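One structure below.
The values are calculated or read from the model by the stated rules, or taken from the named source; none is laboratory data. These numbers were taken from a predicted model, which means no experiment stands behind them. Cβ sites come from the backbone with ideal geometry, for glycine too, and all protein chains shown count toward neighbours. Side chains included, ligands, DNA and RNA excluded: accessible areas come from the protein's heavy atoms. Shrake-Rupley method; radii C 1.70, N 1.55, O 1.52, S 1.80 Å.
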Amino acid sequence: MKIGRYDFDLRHRGYIMGILNVTPDSFSDGGRWQALDAALFRAEEMIKDGAAIVDIGGESTRPGHVKITDEEEIGRVIPVIEAVKKRFDVPVSLDTYKYEVAKAGLSAGADMINDIWGLRWEEDGRLARLLAGSGAACCLMHNRKDEAYTDFFSDYLNDLRETLRIAGKAGIRREQIVLDPGVGFAKSYEQNLMVIKHLDLLTAEFDLPVLLGTSRKRVVGTALDLPVDERDEGTAATTVIGRMKGASLFRVHDVKGNYRALKMAEAILHG
C-alpha cells in the first residue's frame, strides 16, 4: 500500500503509528504537545523509537469531549503537519472526520486521513469525494452514535459494509483503504474484547489492511483495573494479539514498547 510516497507491505509486516495529539484535553496526553517545539520533539522521539507513521490530531475524541470548530482544529494541526513534513522523512496521518480540516491537511502535506466516523459523519459525501480525488490513503473506522445493536457482530460488519459502499460510490480505490475496528467507540467492554479477539474475521471478510487502536483505552483499564498512565503493558499485549490475528498497523502512545513487542511477535510468527 502507498501512504504518500511511502510503500508499506501491510500483507506481510506490522507497523507502528505514533500518536501526536496537539490538543488540551485528550484523555491520555492532553496539553503535553500543543506547543510546536514540543510537538516536533515528540515526533522525533517517536520516529527514533520505531514509528513508521505519525498521526496528528487536533480534536480530542475521548468520551464527553468538546467539539471544536473547523477553524480551531485547522489552526492546531496545520503548523504541525507542515513542520513535521519539513523536518522528518515520515508519512503523516491526520486524525479528522471533517471535510474542511481534511482538505486543509492534505494541502499542507498530510499523506493519510484517519476518519473515526468511517465517512458517515457528514452525509453530503464531500469527504469521500475529496479522498477519491486526492488519491490519499485513508483509515476508515467503525463507529456509530449509539450502542443499540440487534446482533452485535452482524450489525458491526454491516456498518463497515456501509462505509465501504460510501467509499466505493465516491470512487475511493480499495488500495487506498485501511479499516479500523473502532475499539472504544460505541461498544461495551465485552464487545471491545470480542472485536479484538476476532480481528481475523475482519481481515477475512473484507480483505483489507486493519489498523488496531487500543492504546491506553478503557478496555485495557477495565481488564487490568489500572489508570490511564499504567496501561502500556496491556496495550502491548493487544498489539501482539492483533498482529497474530492479522492487523498490520498499531496506533499507540508508547511507541518504543509496542514496537519491541511487535518485532518480537513477528520474529516468532516468521520463525
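Worth pointing out:
- Wholly within the range 42-152, helices (runs of 4 or more DSSP H) carrying at least 3 residues that are under 17 Å from A170 (Cβ atoms): 99-108, 126-134
- Any hit, the range 205-222, residues being without any contact (Cβ under 8 Å) to a residue 24 or more places away in the chain, surrounded by 16 or more Cβ atoms within 10 Å (Cβ to Cβ) and in a helix (DSSP H, G or I): yes
- Residues in the range 150-176 that are in contact (Cβ under 8 Å) with a residue 40 or more places away in the chain, under 17 Å from L201 (Cα atoms) and touching a helix residue (DSSP H, G or I) at 6+ places or on another chain (Cβ under 9 Å): F152, F153, L157, L160, L164.
- Residue within the range 245-258 that is modelled with pLDDT of 95 or more and surrounded by fewer than 17 Cβ atoms within 10 Å (Cβ to Cβ) present: no
- Which numbered condition V195 fails, given (1) part of a helix (DSSP H, G or I); (2) open to solvent by 20 Å² or more (accessible area, probe 1.4 Å): (2)
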